[in-house]
Structure formats: C-alpha cells, structure tokens
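Below: one structure, written as structure tokens.
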Amino acid sequence: MPLPVNLTRLTGHTAKRLCMRPTRTPVALPRSFARTLSSTPRRHYATAEDAAPQRTRLIPVDESFSMPIDQSNPQHMNAATDEADSPKERKIRHYTVNFGPQHPAAHGVLRLILELNGEEIVRADPHVGLLHRGTEKLIEYRTYLQALPYFDRFDYVSMMTNEQCFSLAVEKLLNIEIPERAKWIRTMFAEITRILNHLMSVLSHAMDVGALTPFLWGFEEREKLMEFYERVSGARLHAAYVRPGGVSQDIPLGLLDDIYQWATQFGDRIDETEELLTDNRIWIGRTKGIGVVSAAEALNYGFTGVMLRGSGVPWDIRKSQPYDAYGEVEFDVPVGVNGDCYDRYLCRMEEFRQSLRIIHQCLNKMPTGPVKVEDYKIAPPPRAAMKENMEALIHHFLLFSKGYAVPPGETYSAIEAPKGEMGVFLVSDGSERPYRCKVRAPGFAHLGCFDQISRGHLLADAVAIIGTMDLVFGEVDR
C-alpha cells in the first residue's frame, strides 16, 4: 500500500538532513581548561544500583563535624579509629545571658550578665548604677534639715532607720542628747520598720521562687504598718519623721493602743507564713544548700546583718554598740549554721518575733515628756509659741530657710538597719551644709559577692540568691 504524500515528503526531508549533518569527534580537553569553560557538575547517569529504593546513607565524619572521612584511605580510617578509642570532649562555647533589668526577679534595676555553660552559671557580672542619682553630692548643697528627705530615698523599704542613722550622726557633731521619750519612739518605729522590710524581703523571695499566697497575706500586714506611718508623720512611705534633735511630733492619741492590738495578733500571721514555707519540700529544695557563704567569706566581703548572721557570726550593732533605747530592752540575736538561703530565711522569721518583743517593751516602758530638744536653733518651736512670741517665729524662719551651723569635725554613725549595717560618714566645715556625706549601704557589699556565691549553681538558683540578699537599688546605686 503506497504511503501518503505528506508522510513520504516528511521522511525524505528527515533523511536528507541526517545525511547533510557533519559528524563530530569528541576531543578530550585538559582538566584545568575544562573548569574555565563551565562550573556545572558532570551529569550522573542512572545505573542499576540507583534504581533500587533510596535509603539514608551514613557518612562518617571527624570530631569537628566538618570533614568527611575517606574510607578508601587507610591512614584516615586508622586515625579515626584511634580517636574513637580515646574520645576528647568537644568544647562548647559558653553563651551570655542578660538577667534584668527588666526581669521581675531583679528587684528593681539590677542587670546581671551571666556566662552559662548549659544551665550552670560560670561567671556573673553585676552591673549597677542604673538608679544612680548623685545623692551624696546633692546633700552637700542642702542644709542638714533639708538633707534628711534624701535618706528616705536610699532604702525606700526601711525609711525611718535611714533617717535615724543620719540624725545620730548630726547629733554627734552637735554634741546634744535627745529626750528619753524620743529615744523610745525611735526604737519602736525602727522595729516596725524592720518588720516592714522583712515582710517585703521574705515574701517577695517566696514569690520569686513560686509561692504567691504568703506575698498576698503579708501585704495585708504591711498595709496596717503603713497606716501607723501615716498617722504619726502624715506620709505612708517617705516619712521624714526622725529628725536631728528627736522626732518631728509626738505620737497621736490612740496610736499606741492600735500598735498594741496589731502586735498581739501578728505572731499568728508569722506562724501561718511558716506553715506554708518552713517545712515545704519545694521551698526547702529551692533554698537549702543554695548560695552558701562561709563565716570567713562573709567577713572578708564585708557582710553585715542577716547575711552575716546566717553564716554563724553573732554580730548585731544593737547589742555590741547600743544606740537610742536598745541598751534598755531585751532581745535575742538569731544566728544561722549553714550560711545558705534557708538559714537566712529562718533568721528573718525569728527576727519578726524578736522585733515584736522589743515593740511590746517599748509600749510598756514608754516615758512621758518632750519628743525633741528644747533648743530652738536645732528643733522648731511649738506652734503656740510662734503665735505668742516673735523670737520663736524668727527662730522658725531661720531654721527652715538658713539652717543651723554645725561645729567643724567628722563622725561615723552606724546602726543595725534591716538589711545590715547602715553607716553615715559626715564631715562638717562649720557651715550650715555638710562638707561631705558618705553613705555605707549594706546591699552594695552583698551584691559584690554575687559572682562568688552563684558560681556552679543553675540559672534558676540565681533568683533565689538575689531574693536572699534583700537588695534595694536606691541604696546600692545612691
């Protein structure tokens, strides 16, 4: 059967093109020249082995995970076998973590640069100064009375003890003795302030670890103590109540009765908090053996207060160098054994009870009489005297405008603040303003040991160590 014309024509053209196409002989080019022509890898034609189902192939590599091992090279394989027989640990570079200042457990503006090996702390570098206000320099431009409110802003959780320290230093330079009633009022409110501080310290520490209930219970008690502050000074936080020469005003009627009513029931609140924490296995696991500081290390680093007593050193300025009415009250100083976070917690819980003992003694022994020195050049005259006596009005005006001149000299006054030894070094040049005022803050010395305490602990333990130090950065940064 003859083919169609179109198919015959197509077949003839194809045969003609094939006959006219020149034949090409392959030329083997040198390898270097071939690389310059093209960088495309050679095509791999499928073989019978490739037709089999694909499986994952294990490619042996050396220890650095960078160079494949050539299995056809016997020297390479022998070296790999020797390394397998004596393995070496690969070094992993430590990574750095910024802990704070935005972290809720940083207690203010603490910034820690932590070098971590996995979750283990290798090195800790605390960065301070984010709350630095130059307060010590500002005090040099104020009179002695105008400088007092700055001390409320140092440790803004224990205000009246800061005022007490500054007032004692000024009274030493003035060489004056304050009335007995003022001493007992200062002592009573210093212990109220200690309870205020320890409530914040212990309960925020528990909250950082994970126990929220004690924190909420404790703030109900702090609210009652803040009301005592407000009734005696007019301010809940920055009281400016303890002043050089005594206190600003006498206790209002009925306040001592209310303090007694509160003190009789506060012991039950302490017991409730201890029921939640002291024997709690989670609390013990997070605090026992964490942040251990020996007695020698605590002394070398300048620890004071609970941080020192928790390591077994029985040092309390209220006992060794009594001031105000502390020489006339009875109390015990709790001392730890192991120097860890758990012992420091137990010391603070016992200090609650000892502060209650002192408050009860102050209520029972509170004398009558004036609450400030009757020298109108140092303490303001009463309102009634200013309305009747022109000289008293002039004294009042000069006291709050010009201030009083302090004899030249220098002194160091230290008290047992809730966080440790609070000290004020005061230098007078005979004018109405301090020549130099240096504040010794206990938290600054405690934070300096953070690197030593935290090494070898886990990242989560850093929160517990910060909480047990009871840091407030108003006094650390100043």
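Here, each number is a calculation from the coordinates, and none is a lab measurement. Remember, it's a predicted structure, so these values are computed and weren't measured experimentally. Cβ coordinates were reconstructed from backbone atoms using ideal geometry, including for glycine residues, and neighbour counts include every protein chain displayed.
Some observations on this one:
- Inverse mean reciprocal Cα-Cα distance (Kirkwood Rh) of the range 144-476, Å: 20.8 Å
- Loop GluC sites (Glu not before Pro), the range 301-402, which have at most 11 other Cβ atoms in a 10 Å radius of their Cβ (DSSP): Glu330
- Semi-axis lengths, Å, the range 178-255, gyration tensor of Cα atoms, sqrt of 5 times eigenvalues: 29, 12, 9
- Taking the range 113-223 and dividing mean pair separation by its residue count, relative contact order in percent (alpha carbons under 8 Å, at least six apart): 15 percent
- Rg ratio (alpha-carbon, reference 2.2 N^0.38 Å) - the range 309-430: 1.51
- The range 329-384 versus the range 244-319: alpha-carbon centroid distance in Å: 12 Å
- For the range 337-419, the list of trypsin sites (Lys or Arg not before Pro) that fall in a loop by DSSP and count at most 12 other C-beta atoms within 10 angstrom reads Lys402.
- Considering only the Cα atoms of the range 353-416, their convex hull presents on average a projected area of 7.3 nm².
- Computed with the Debye formula from one identical point scatterer per Cα of the range 427-478, without solvent, the log10 of I(q)/I(0) at q = 0.17, 0.25 Å⁻¹ comes to -0.62, -0.95.
- Other residues within the sphere of radius under 11 Å centred on the Cβ of Val209, judged by their own Cβ, net out at -1 (K and R +1, D and E -1).
- Checking the cross-link pairs Lys172/Lys377; Lys224/Lys288; Lys172/Lys224 against a 22 Å limit on the alpha carbon distance flags Lys224/Lys288; Lys172/Lys224 as lying beyond it.
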